[in-house]
Amino acid sequence: MKRLSLLLLGLAAGAASVFGARKAPLEVTNVEPPCWWTGMVSDSLQVLLTGPGIAAADVSVDYPGISLVEDVRLDSPNYKLLYFTISPETLPGTMDIRLSVKGRKCTVPYPLLARDRRGEDYTGFDASDVLYLLMPDRFAKGLDPKLDLTAGLEYPVANDRSNPNGRHGGDMKGVADHLDYIDSLGVTAIWLCPVLENDMPGGSYHGYATTDYYRIDPRFGSNDDWTSLVAEAQKKGLKVVMDMIFNHSGSNHPWMKDMPMKDWYNHPEGDVLTNFRLTTVHDPYASDYDLDHTVNGWFVKEMPDLNQRNPHVMKYLTQNSIWWIETSKINGIRMDTYPYADMEGMSRWAADVLREYPEFNIVGECWYGNEAGGAFWQRGNRLNPKETNLPTVMDFHYIINGRKAFNDQTDPWNGLNGIYDHLSQDFLYPDPQKILTFLDNHDSDRFLLEEPDSLGSWKQAQAFLLTSRGIPQIYYGTEILMNGSKEGSDGYVRRDFPGGFPGDTVSAFTAEGRSEKQNEAWDFLSKLLHWRRGEANDVIARGRLKHFMPQNGIYAYERRLGDRQVVVLMNGNDTPLTVTMERTAEVLPYGSRRHDVISGEEVTIAEEMTFAPRQIMILQNWP
């Protein structure tokens, strides 16, 4: 790894030249992956070596249970691609990979480690969880500002918190320092935007332009810091989801300077950008030209498109996922720009990962403005002629329509009717409980464009997110009413969390540092989150959903598991409303008593009930 600072000098430098000088030693500058394990489900191992002229080297290995089955000569003379098989009886140890060319020799000691747990013991995230999405650069800084965190980087960009598109200096220790805060909110999992090296002009603070797939960006910390963060989070009962990007790399990745193969990237000339029209992937009438410009075009000029149809590329990426799971014990992967990559390649990737870790979870970013497009990608969808093997997809409906749905007055076509109609399309999904639901994220406007005068519709949106079907995700700062539009800059929806950085005069990590309205929001959200992860967890995570179309402004739905029941009632109007309860009598019989989680009061269901403006009731049938 350049990352492991590998500079392996030859054990034998070779014979003298005609001028009497010794030949330069054979040099290996990088080994990927840097180690592997015995006892894996797959018996195949790919090792990519990098070094000047390394392609011409002969290779030999003598290790019990290991067979070198293929030595691949790539287009560049500076890469050596080796494939091994590892028998089930192979013991941990160090495998010596011996290289020689024209009298120049070197040995690469390759670690084969013992696994510390079975693949079945890796627990993924599911509908019992709530994810807290944060951007490490913008959440909190914990490392000493005097430390040089840019050593070895080609672009050691300085932090500038006044620049919304620059690096601000948040890091993984900052996240670790505030795990108690995250836990106290009541979420059960953390999804961090990408943490791998982004050695790019401008700093690439967001992390979506990878330049080293095996190295944590040093401005965030080290590989050990990442592993420690995951372990500390899990000790507190918080799962960790790692963001990965296999559709593209950063343009400053070493592969772009010395491409291993001519087809390592799609359109290596770099003048073809994606058209962002994902409909071409499932359009039965799509032209080859349009499809090519969707899946093979570069995402932006700084993010060249990797070719997942190249089997060597796909094997590299698959092993990279497995390596991070095995080394850092993460609970899930969020895969960026999922439909822009090759469907068959990514299908094999998902299958391979889940074969090693059957209880793991993967969520793919499938950004569609309709239900059918997202559902097309979920595992088991018969409308897709190809099996994607992708367990979880993202529901972008609420980013696109949620603000309108929860803020407009409810009439036959607007307001909460939009939510009802959206859920009515769940027949398209093979597994609606494995849909990631969210109101905003790092790529969208905040749900709140500005701080509201009252929190009625905001509370309804949060309550729906946490009680409906699927796996909820909350964007950092939602709990303190962080707001804004990305118009003009993505950085405006990725602002620093108040109190996370040296010099901040106010800290929203404490109640004392929050305004009265922020504390009202924080307390409301935290109360629901703790209820959801506690006594109501099974009902919300596994219970069936039944809903009643909004009428007279009232939206009602039930979650039921066995004899346990939760019924949610919302008044989608800004005015009080008195209605008869005949329509919901099948789930709320007249005279029955329910405990309202919001108010803490006991409620008796009457034939006629009055609801305050934007009122929410979450009624459970147990004390």
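The table that follows gives values for the structure above.
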| read-out | value |
| --- | --- |
| Shape of the chain, Cα gyration tensor, a/c cut at 1.5 | prolate |
| R564-C35 FRET efficiency (beta carbon distance; Förster radius 56 Å; 0.05 resolution) | 0.75 |
| Derived scalar couplings ³J(HN,Hα) [the stretch 77-93; Karplus, 6.51 cos²θ - 1.76 cosθ + 1.60; whole Hz; x for Gly, Pro] | x, 9, 10, 10, 10, 10, 10, 10, 10, 10, 6, x, 8, 4, 9, x, x |
| Rounded if a/c under 1.5, otherwise prolate or oblate - the stretch 186-306, Cα gyration tensor axes | oblate |
| Listed residue (G415, H312, M570) projecting farthest to the positive dipole end of the chain, Cβ model | H312 |
| Long-range HN-HN contacts of V28 with modeled amide H, under 5 Å | L8 |
| At R0 = 60 Å, FRET efficiency that the Cβ-Cβ distance of A606 and Y83 yields, to 0.05 | 0.25 |
| Normalised contact order of the stretch 197-356, rounded percent, pairs of Cα under 8 Å and 6 or more residues apart | 27 |
| Additional length obtainable on full extension of the chain from A585 to R542, 0.36 nm per residue less Cα span | 13.2 nm |
| Residues in the stretch 570-609 that a label on W622 would reach, taking backbone N under 13 Å of a point 7 Å out along Cα→Cβ | 595 |
| Relative contact order computed over the stretch 272-315 (Cα-Cα under 8 Å; 6+ residues apart), in percent | 38 |
| Area accessible to solvent at Y63, 1.4 Å probe radius, in Å² | 40 |
| Largest to smallest accessible area among H442, H178 [probe 1.4 Å] | H178, H442 |
| Projected label distance in nm at Q409 and T510, using a 7 Å step from Cα toward the beta-carbon | 4.5 |
| Contour minus Cα-Cα distance for V101 and S128 (0.36 nm per residue) | 4.1 nm |
| GluC sites (Glu not before Pro) restricted to DSSP loop in the stretch 591-623 with at most 11 other C-beta within 10 Å | E601, E607 |
| 5 angstrom amide H check on R215, placed H, neighbours 5+ away | E197 |
| Prolate/oblate/rounded label for the stretch 231-301 (Cα gyration tensor, a/c 1.5) | oblate |
| Percent RCO, i.e. relative contact order, over the chain, from Cα pairs under 8 Å lying at least 6 residues apart | 11 |
| Estimated FRET transfer efficiency when R0 is 22 angstrom, pair Y285-D421 (beta carbons, to 0.05) | 0.25 |
| 3J(HN,Hα) from dihedral phi, the stretch 150-161, Karplus parametrisation 6.51/-1.76/1.60, rounded to Hz, x for glycine, proline | 10, 4, x, 7, 6, 10, x, 6, 6, 5, 8, 5 |
| Separation of alpha-carbon centers, the stretch 53-98 and the stretch 595-617, rounded to whole Å | 68 |
| Net charge dipole size for the chain [Lys, Arg +1 and Asp, Glu -1 on Cβ; Debye, nearest 20] | 1200 |
| Mean Cβ count within 10 Å, highest first, over the residues of peptides 307-316, 362-371, 418-427 | 362-371, 307-316, 418-427 |
| Cα-based helix-to-principal-axis angle, 397-407 vs the chain, degrees rounded to 10 | 20 |
| Accessible area expressed per residue, the stretch 567-623, with surrounding protein chains retained (probe 1.4 Å, Å²) | 46 |
| Lys, Arg +1 and Asp, Glu -1 on Cβ, resulting dipole of the stretch 243-395 about Cα centre, debye, nearest 20 | 320 |
| When each of K434/K546; K173/K434; K239/K315; K239/K517; K386/K546; K80/K329 is checked by Cα-Cα distance, pairs over 20 Å | K173/K434; K239/K315; K239/K517; K386/K546; K80/K329 |
| 11 Å beta-carbon shell around N389, net charge (K/R +1, D/E -1) | +1 |
| Antiparallel %, DSSP beta bridges [both residues in the chain], to 5 | 70 |
| Cα centroid separation, the stretch 505-576 to the stretch 29-47 (Å) | 46 |
| Whole-percent carbon and sulfur share, accessible surface of the stretch 465-544, 1.4 Å | 47 |
| The stretch 487-623: proportion of alpha-carbon pairs further apart than 24 angstrom, % | 45 |
| Net length gained if the chain between D258 and D75 were fully extended (0.36 nm per residue, minus Cα distance) | 64.9 nm |
| Volume in Å³ per residue [convex hull over Cα atoms, computed for the stretch 70-170] | 288 |
| Dipole moment magnitude, nearest 20 debye, the stretch 314-446 about Cα centre, only Lys, Arg, Asp, Glu C-beta charged | 280 |
| Dipole of the chain, positive end: most advanced residue of M244, T467, Y368 [Cβ charges, Cα centre] | M244 |
| CD proxy at 222 nm, helix term only [per DSSP H run n ≥ 4: -39500 (n - 2.57); per residue of the chain; nearest 500] | -6000 deg cm²/dmol |
| Placed amide H near W37: partners under 5 Å, 5+ positions off or other chain | L113 |
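The values are calculated or read from the model by the stated rules, or taken from the named source; none is laboratory data. These numbers come from a predicted model, not from an experiment. A quick note on method: Cβ atoms are made from the backbone with ideal geometry, for glycine too, and the neighbour counts reach across all protein chains shown. The area values use the complete protein model at the heavy-atom level, side chains included, leaving out ligands, DNA and RNA. Shrake-Rupley method; radii C 1.70, N 1.55, O 1.52, S 1.80 Å.
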